[in-house]
């Protein structure tokens, strides 16, 4: 039997070469007639100012303008022309504001374009890059949900209203904006339900009538008007009546991981939960911590036990983590759905994390909720996701988030879930919903685990009643797809979340859904006697399995950062062959949008073996610098005879973020796999390559052996790839090179040294008789002795 060992730690080499600062010259925009261009822009500015003056909120004389531009606009120096940058809303659109004095300066500079000499009009290239000047319109302010569904028909209803994040959270400009807006709300008798004020987010929840809602769509300071979040979580509660004789359930170890479930509460008196329950708080006004909806209790069961079918089969129930409950959702009055509370979900998340992470020491949070009214449109990361991204960095915690459930629309699927699967999984209608696009979290999609419904089980093969679109280990028919910002993989991971089936015997009803006995097994909140368990479907129940794995990892490596937890989990993910088989060849290029890095293989997640060794590193890096890790690969692994060997490399970091920038993340940390005869040669080659062509990144070695390219993986904050080799050379040394580069606008937001985690798995399964773990351990000791000699 193969040995099982603790994962090994590796360190970067002491010699660190600075990364050369790349001076990216913005190509100028050429106008055939600069004078005419300036006159046209001046006329557009005058018209925009006249329209802007008519908007509510302009009593102080300031006007907000929408600038269309070509190429790359120099946002940092746009103020030289009298306007202040607020936000980049598109690759060709930015929003600015200007006082009366600034507007006069802007108009004056436009009038001088093509007339004044260069020394009389500095930064003229900014003006030449402008294509047009206009206003942020009513249509611009309407959210996706508002365009789809319109205002509610009731006399009075609630809206979420986002203001332009002018200035910073507690700055004088922000305070002025908030005070003026709230005075205007008072004059319009609009009731404020709640407010969230953060550096990159100013969000109001307001109670309005139809007329007041229309005024908000015209208000100068309003960035977007949205319907309140609608939970994307639906399920049918199905009891599984079992005679469960689990006996006394032991408590977790005193020092075990604490995991907080942010959901509809947890019924802590459930016999399978009582011994592991720690702390509970409610953030829903007027409600206690109990779970009326059942959603939170179902999630908690999977967080605690992982695969309950395995527990049931072996009658082995041993909690390994402590459970905490932050109630941020409640049971809807007219359905069994879990819905957000009447205050903004962002505020509830802020308070719960401040308590459970800041005071109670929780390091992992499960967030199985989603705003169905906010599918990701490829532009800005929205409120809940931004909140999680910011909190993940502030508290060094891991959020595990569900991708959201696609329940179908009036036009999709058109007739049959089964016939149109999996194409509709890539449709616009099934995009991930807020907060799934968040970059500093792990987002989890769903895999099908069963294919026979209760009716099919009852009738066996005597007749065909209901058929599932998805086979085992294929994407669940209700899972949603990414990517996130700029193509970042979302979801990153998959886990079992259930299936659905289409009725096949009734003509015209194939679009209906059946899911009894197609879900994952978990806990029933309304338990009586032996009805302790039920099965349930949804991405909400895929996410907690990953949370469960993360908690067990933290038990073994209690000092691990959230970055390391993310990196280890993703480093053990593979796309099941069944997933590939589900998609026709013409859609294979889009599979990652649905499956990300794939399903976690837990075999070596927690411990290394003799032939599969996991290497861990956590470190910090300065801006504009490289760090080099020599991989401790023994000669037996680098042997030249033909045999399949594998390297997996994953990097994770947690950057500061801003919603006012299309890039969103303030810094970029990435890695390359390179090889050479020595560390000195590799470092010299690396810098020579930069000097030769600073605009071109150094490619990974063995590109034909690589599953995911550098360009694909670098779009996310957890980046992974796999290399497979048939033939190697013992003469080569292999290095992972880590590089950091801050965005120009992001430098003030970043720390002097930014943290990251690196995970490498070395796999030599075709040579299992060789003690790979021991050999790598010896190589690491040799590297340590060598570093000591160099430093002394």
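Rule-based calculations on the coordinates, nothing more; no lab input. Fair warning: this is a prediction, and the values are worked out from it, not measured in the lab. Every residue, glycine as well, gets a Cβ built from its backbone with ideal geometry; the counts of neighbours run over all protein chains shown.
Tabulated values for the structure
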{"quantity": "Neighbour-count ranking [beta-carbon atoms within 10 angstrom, fewest first] of 428, 473", "calculated": "428, 473"}
{"quantity": "19 Å cut-off, amide nitrogen to a point 7 angstrom out along residue 30 Cα→Cβ, residues in the stretch 125-149", "calculated": "125-131"}
{"quantity": "Relative intensity, log₁₀ I(q)/I(0), of the stretch 248-602 from a Debye sum that treats every alpha carbon as a point, q = 0.07, 0.09 Å⁻¹", "calculated": "-0.27, -0.45"}
{"quantity": "Three-way shape label, the stretch 34-136, alpha-carbon gyration tensor, a/c 1.5", "calculated": "prolate"}
{"quantity": "Size-normalised alpha-carbon gyration radius of the stretch 561-649, reference 2.2 N^0.38 Å", "calculated": "1.39"}
{"quantity": "Spatial separation of Cα centroids for the stretch 61-95 and the stretch 265-319, in angstrom", "calculated": "50"}
{"quantity": "Relative contact order, percent, the stretch 520-566 [alpha-carbon distance under 8 Å, six or more residues apart]", "calculated": "25"}
{"quantity": "Descending semi-axes in whole angstrom, ellipsoid equivalent of the stretch 272-372, from the Cα gyration tensor", "calculated": "25, 17, 11"}
{"quantity": "Highest average packing first - 642-654, 303-315, Cβ atoms within 10 Å", "calculated": "642-654, 303-315"}
{"quantity": "Listed values (i) 1.22; (ii) 1.01; (iii) 1.58, entry calculated as Cα Rg over 2.2 N^0.38 Å", "calculated": "(ii)"}
{"quantity": "Mean Cα-pair separation over length for the chain, i.e. relative contact order, pairs under 8 Å, 6 or more apart, %", "calculated": "14"}
{"quantity": "Beta bridges by DSSP in the chain, antiparallel share as percent, to the nearest 5", "calculated": "75"}
{"quantity": "Cα-projected label distance for residue 169 with residue 92, points at 7 Å along beta-carbon direction, nm", "calculated": "3.7"}
{"quantity": "Sorted by Cβ density within 10 Å, fewest first, the residues 745, 136", "calculated": "745, 136"}
{"quantity": "For the stretch 697-776 versus the stretch 585-658, the gap between their alpha-carbon centres in whole angstrom", "calculated": "6"}
{"quantity": "Neighbour-count ranking [beta-carbon atoms within 10 angstrom, fewest first] of 621, 384, 178, 266", "calculated": "178, 621, 384, 266"}
{"quantity": "Mean ellipticity per residue at 222 nm, deg cm²/dmol - from DSSP H runs of n ≥ 4 across the chain, formula -39500 (n - 2.57)", "calculated": "-7500 deg cm²/dmol"}
{"quantity": "Gain in span if fully extended, residue 711 to residue 120, counting 0.36 nm per residue against the direct Cα distance", "calculated": "208.5 nm"}
{"quantity": "The stretch 140-226: translational diffusion in µm²/s, Stokes-Einstein, Kirkwood Rh over Cα pairs, 25 °C, 0.890 mPa s", "calculated": "187"}
{"quantity": "Packing-based ranking, highest mean first, of 394-404, 594-604, 430-440 given that Cβ atoms within 10 Å are counted", "calculated": "430-440, 394-404, 594-604"}
{"quantity": "Relative contact order computed over the stretch 140-226 (Cα-Cα under 8 Å; 6+ residues apart), in percent", "calculated": "48"}
